[in-house]
Amino acid sequence: MKRGFLLGFGLVGWAASPCEQCKLNPTCLGECSYQELLRAQSREAEIQAYVLLAYAWMKGGLEEGAPRLLYEALHRTTPQDTLRYYVLQLLAQTYYKLGRQDSAFLIYERLIREAQGYPFLQACAYLRLAALHAAREPLKAAAFSAQAVEWSERTGHPLLQALTYNQLAVFTAEVYENLSQAFTYAEKAYRLAQQSLNIKPHILLEPPLRVYMATVANLASLYAEQKKFSQAQRLYETAIEQATQAHDSLTLGQAVLGLAGIFFQKGDIASAYRLLSQPLYANLPYELKREAFQIQIRMALSRKDFAEAIRLHQKLLEQAEAQIRQAQGTRLEQIRVLSGLEAREAELRSIKRRRQQENWLYLTGASLGGLLLIAVGYIAYSARRMATEERNFREIIAAQTEKIEQQAQALLRQNEELVRVSHVLSETLANLHESHGAARRLQHAMLPPLERLFPEAKLWYQPMQEIGGDFYEVVWDADSQRLLVALGDCTGHGVPGAILTGIFITEIRSFFLQSPRSQADQILYRLSRSFRTFLRREQDPALSGLPLREGAELVLVIIDMQEKRVEYALAGRPIWIYHPVQGWSELDGGPIGIESGTPPDHVFPAYQTPLEPQTVLYLFSDGLTDILNPTGKRWGVRNLRRLLQSPETTSLPYDKQMQRVQQEAHNWRKDAPANDDLTFCILPIASVIAGVKNISSRAQA
């Protein structure tokens, strides 16, 4: 393992040194990397050469061919090689650039499990996982970022620490909204980035000057948010000096744009215009040109110079068209280069085949010589064998006696081991019980306090085990004045069901808050499509898939306070509605829920009703109607309907209605064990309206 570790750092040093042929880094995609591969005589040298060639292709914009080279390197490593982890890191980065984020996610998780003894690799893996989760799960991304900081502190590598602290500063400001702590992290990242400007680049990290620019931009944005424009201005001016000394036009352009943005925010339009008028942007990437045009357009609009804004916007469109044409031409050139590289790779395979043929001839000659020596040895051995048979017989009897004694000793040791294993199993069961208790508390923390939000509402939530697969959710969007209430029944019980509840709660909340004005059935359709994608397995030799037959039955209710209506979207579960004048109505949930087998064009049942305070909604999972008595008979929907829709129950207060349902269910079950998770909710619309008003008033306060 030590040899692999030294080899990994040797690779980093080599990749940062200039190429003797082209006088540049080995990303010329020419003779440099291939000469290393041709000269490779050992397994370690071949691994290093394949990794360097893949790194060159990635830097040259040919990510499509890099995974094949990295898998060649991966197949030549052993589980004890540290270089194996570097190969996996590069493979995950390549998948991320190619848009295969699920594959990158699984590889980073694998690195966290396997590379426990290497803080640098652990910090890099957590850093990338945080970036992968930033858009969909910001809280989890913030947790990964904190782990990255913890591991980077153990390495003492200032560039890696600067990256992790800068990322943590962003999450602290955006997710936790703790600006003071974000300032602390951002300033530390800035100081570390300054220390890293003169160190060698690392194959797994961004260049030091780019990291420095990222810390400057983050810290300056925090200063600008608190109207400390002078501090932000000084940061960008220092960054401009650093980029000018390093002759890095990309970093210089980013710093100038950032400074122009600061001038614009504090109202110094003339200084911002002067900066953006420099002939600096001719050779910069399109993204920086677009940002410069956007700042100029905002300045024109602030001066109410609409003609100038239209002219700049037209020029921006022309730049976009030019960028598209350039990208098409670049792609054609990349395909041409990749074809040439693949031809070189075929030439390399031919050379290796000739080497193998030569090795086979040498091996055949050596084998014939070995056979001759074996024949001579066998003749000598046969001559001695007859003389030693009698002595061997006596030795066998003595060995058998000794073996019987050893077996007796082994039985005693096995008995002692069984006693020890029984103690270990007892401790393991105790730890498992403690883990289930923590999971139960975590799941309850994810579920909203429904009865506190809507005092008249009543909820009966009873998992079959300590944690379960039933869930409910409440989400309020103040801008659209729309409230989402969801109740679901996921496949399975215990830990598998609880994992699915976490996934569905997160997805439902995310989709609703992203598009709060979407219809309920549209959210249900997005949820079904996202879940099918989540369960789709990648046919990748280095990765493992997920079980496919999982899913949930759902009820989505959206209450629109502005439009005075209630929207329903159902996936396999019904909803019952009671109105004192109109009576009872039952909305059918359709034949199937959301699972991997749900057809992509399946239409989920959707309904709308007016928003009337007298209405009461009854939502329940099949755990209520599937309660079994001691003889194995289900309680059934018919008994629940007869109980709820009877005049005696309807006239009762809601807490008495809940007590009556619970009593009837217990009388049916008697002493039979629970057979499913159970959720039953009584939701009066009047209580929901009052609760929404309280939520809005607290938010305004």
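Things to note:
- Shape class for the range 98-211: oblate, because the ratio a/c of the largest to smallest gyration tensor axis (alpha-carbon atoms, square roots of eigenvalues) is 1.5 or more and b/c is at least a/b.
- Convex hull volume per residue in cubic angstrom - Cα atoms of the range 196-250: 81 Å³
- Ordering of 519-528, 603-612 by burial proxy (mean other Cβ atoms within 10 Å per residue, highest first): 519-528, 603-612
- Environment charge at ALA125 (Cβ cut-off 13 Å; Lys +1, Arg +1, Asp -1, Glu -1): 0
- Proximal charge balance of LEU209 [Cβ under 13 Å; K/R count +1, D/E count -1]: -1
- Flagged links, alpha-carbon separation over 26 Å, of LYS227/LYS693; LYS458/LYS693; LYS227/LYS304; LYS140/LYS188; LYS97/LYS200: LYS227/LYS693
- Point-to-point label distance, GLU177-LYS633, nm (Cα→Cβ direction, 7 Å offset): 5.6 nm
- Cα lying deepest toward the dipole's positive end in the range 40-197, options THR78, TYR108, TYR126, charges on Cβ: THR78
- Residue-span extension gain [LYS59 to GLN406] - 0.36 nm each, minus C-alpha spacing: 118.7 nm
- Charge tally in the Cβ shell below 13 Å around ALA272, where Lys, Arg are +1 and Asp, Glu are -1, ALA272 excluded: +2
- If R0 is taken as 35 Å, the Cβ-Cβ distance between HIS75 and GLU206 corresponds to a FRET efficiency of 0.75.
- The phi-based Karplus calculation (6.51 cos²θ - 1.76 cosθ + 1.60; θ = phi - 60°) puts the 3J(HN,Hα) values of the range 197-205 at 5, 9, 8, 6, x, 10, 5, 9, 10 Hz, whole numbers, x for Gly and Pro.
- Per-peptide average of other Cβ atoms within 10 Å, ordering 470-477, 46-53 highest first: 46-53, 470-477
- Rounded Å value of the spacing that divides the Cα centres of the range 104-157 and the range 547-585: 40 Å
- Note on GLU563 and LYS670: the extension gain reaches 33.8 nm, defined as 0.36 nm multiplied by sequence separation minus the Cα-Cα distance.
- Approximate spin-label separation GLU648-GLU241, in nm, with each point projected 7 Å along Cα-to-Cβ: 8.8 nm
- Cα centroid of the range 625-701 to Cα centroid of the range 499-534, whole Å: 26 Å
- Stretching the chain fully between ILE379 and ASP479 yields a gain of 26.4 nm (0.36 nm per residue, less the alpha carbon separation).
- If R0 is 45 Å, the Cβ-Cβ spacing of THR184 and ARG660 corresponds to a FRET efficiency of close to 0.20.
Readers should treat all values here as calculations from the given coordinates under stated rules, not as data from a laboratory. Given the structure is predicted, the values throughout are model-derived calculations rather than measurements. Please note: Cβ atoms are built from the backbone with ideal geometry, for glycine as well, and neighbour counts cover all protein chains shown.
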